[in-house]
Amino acid sequence: MIRQMNRAVLGLLAALMVLSVPSTPAQADEVTDLIAILESDAAAYDKDVACRRLAVVGTPAAVDAIAALLDDEQLATSARTALDGIAGPEAARALRSALAELSGAGLVGVIESLGTRGDTEAVPALGRLLHSADPMAASAAAYALGRIGGREAAEALVAGLSVTDEAVRASVGLGCIACAVDLAAAGDTRLAQRVVDAVRRPDLPSAVVGAATYRSILWRGDAGARLLVRHLYSNDPELSGMALQLIREMPGARVTAAVGNALSRIPSALQAPVIEALGHRGDAAALPAVSEAARSGAPEVRVVACRALAQIGDASAVDTLLAAAVSPDESVATAAANALAALQGDGIDATIAARLADADPAIRVVALRAAGQRRMAEAIPALIEAASAQGEVRHAAIRALGQTCGPDRLPDLVGILVGLSSDEEIGLAETALSDTASRIEDKQVVADALVAGLEPAATQPKAALLRLLRTAPVSSALNAVRASLGETAVQDTAYAALGEWPTPEAAPDLLALAKAGGEHRDLGLRGYIRLIGSNDLTPEQKMAMCNEAAALVANDGETDQLLGALATVPTVEALDMVMSHLDNPALSARVCWAAVTVAEPLEQSHPAQVVDALTRVLEVMDNPNMERRVRSSRDRAAEASGQ
């Protein structure tokens, strides 16, 4: 009723607009001229153009002339377009009148226009056309009635479901659904429900029945839960697919509970997608059913159930997931472990913590891993205790400590490393300490803990600590590395740590090694040149180091590294040093790259030197891509120098 009133109001407003906004004399004259063309013996092309113009400027005065062309095979479409553009009852009346006079494509077109206009006065005639011998016209009438909507159209469509032509009957079913949606939007859900229920019949295609059933269940709300579950058992994929979609879309705990209660009886092929849909709902009401599926379903069902528990689970799901995580099926175990890491809610960490000392080593390992992945700081005492166990329990505990420890527990982790003797376990502890150190901003705290562990450590743990000192490059850490250079057992590790030290503070030590020659000469020179790239140095400091290194390089490989360092020094002196290697064919490409890299920041401050250097570079290079870069830099420098 409300919808019909709205349409009536809109129709009245449209008519008033036509009546109350008079066309200008020029517009009226244009319409008159266009009508004259339509009523003349003008060519079809001219009449087509006139109709298209009347679709824009037409008035009720043009309706009769346009309607006369509705049975013209060439101009019918243009005529309908013109009528569609004219507001008011005259055009609609002309279209309705044509229903009894036309056939074939012309009739179908007029039916479509009436549907587009939402012409409620056409409903009786369109209802009769549902039973037309022309299936195209009957189907078009069904779609038009669906677009028009309202009670009268709904009654006509429901009655039309009795037609014998299968294709037309399917069109009528779709029209019913469209009309029902319109009714529901207008607030008449009860009638809408009756209309879609009428479509749920075996002589219609399952896709149509599924669409109708979808609406029927959705509009029932909680009361539709039983019908939804019933269709999950369907052997028709259209209907079971529709039910799956509704599980994701329908709100309410009652729906969740109904699907959960039926889960064990649903065909096995559908259990996994149903569980996935339950997880998507995020409704804890499904937790009992999903937990049971995670415990006892087929492997593929258990995997999906574990993933769903990550979405809807609470502390009660922890034990289920722990058990699944020790499954011999790798896919189930992985899904459960991932779910344990992702669970959210109160009490979950506490429940996991209670299993960190579990009597079952496999469960204990899973709990330890989960504690690490969840970064459960409150579990650190239990993790430290577990690190004194053997085998995989110890390994899992060490890894978890690397994920959870902060500055206050760093000494404990160092102590664990110092107490280890297995190379594998020392490696695990070293990685854990490295991870922990990366999270601690105060590197002095890290250095203090590592240095404190050096004295009591045996050779292999001490070597690990020396390697780790690079993660805390403060003076006390470097001093500890220096002090270890004379210890035969860890000497190689200490030199390697020095050679890879990340701050310029180690530069004097490395330069001394390079100058001294011997077995550590190469290590010292490589480390020294690497430090030239440090952002902590000024260009002047970098250049001074380049000069020192230049006196020591002895082969193309070392010169190549020096060229890379020079590329970080934007000075004329650096450019000159780069250019001194231009005649070395083995390093030509590297020199060209280094030259333009140094030259670009100097284009405005030292344009003449840049032009000279890059002109020489262009004479020897054969890399088209690099050549464009070099030429562009040289041209900018030339412009800056006024050349």
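When each of the peptides 107-113, 176-182, 453-459, 376-382 is scored by how many other beta carbons lie within 10 Å of its residues on average, the order from highest to lowest is 176-182, 107-113, 376-382, 453-459. Our summary gives the chain a relative contact order of 4 percent, counting only alpha carbon pairs under 8 angstrom and 6 or more residues apart. The lysines whose alpha-carbon is closer than 26 Å to the alpha-carbon of LYS515, local same-chain residues fewer than 8 away aside, are LYS542. Since only GLY642, VAL108, LEU309 are under comparison, the one whose Cα sits farthest along the positive direction of the charge dipole of the chain, derived from C-beta charges on Lys, Arg, Asp and Glu, is LEU309.
The Cα-based radius of gyration and maximum Cα-Cα distance (Dmax) for the range 233-346 are 13.3, 42 Å. Counting Lys and Arg as +1 and Asp and Glu as -1 over every other residue whose Cβ lies under 12 Å from the Cβ of GLY260, the net charge comes to +1.
Computed over the alpha-carbon atoms, the range 570-643 gives an Rg to Rh ratio of 0.94, Rh here being the Kirkwood radius from the mean inverse distance. For the range 460-512, the calculated P(r), taken from all Cα-Cα distances in 10 Å bins from zero up to the bin holding the longest distance, is 28, 61, 10 percent.
Each Lys and Arg adds +1 at its Cβ and each Asp and Glu adds -1 at its Cβ; summed about the Cα centre, the range 368-459 shows a dipole of about 340 debye. One compactness figure for the chain is 1.62, namely its Cα radius of gyration divided by 2.2 N^0.38 Å.
Counting charges near ARG200 (Lys, Arg +1; Asp, Glu -1) among other residues having Cβ under 15 Å from its Cβ returns a value of +3. A simple packing score, the average count of other Cβ atoms within 10 Å per residue, orders the peptides 391-403, 426-438 as 391-403, 426-438, with the highest score first. Projecting the Cα positions of VAL572, ALA594, ASN625 onto the charge dipole of the range 570-643 (unit charges on Cβ atoms of Lys, Arg, Asp and Glu, taken about the Cα centre) puts ASN625 furthest along the positive direction. Within a straight-line Cα-Cα reach of under 23 Å, LYS443 can be paired with the following lysines, leaving aside sequence neighbours fewer than 8 residues apart in one chain: LYS462. Whole angstrom only: what separates the Cα centroid of the range 615-640 from the Cα centroid of the range 122-142? Between the Cα centres of the range 615-640 and the range 122-142 lies a distance of 78 Å.
Using the Cβ atoms and a cut-off under 11 Å, what net charge is assigned to the surroundings of PRO361, where Lys and Arg are +1 and Asp and Glu are -1? That sum, taken over residues with Cβ under 11 Å, equals -1.
The range 307-345 and the range 492-552 have their alpha-carbon centroids 51 Å apart.
Throughout, read-outs are computed from the coordinates displayed, never taken from laboratory work. Model, not experiment: these values are computed from the prediction. Reconstructed Cβ throughout: ideal geometry from the backbone, glycine too, with neighbour counts over all protein chains shown.
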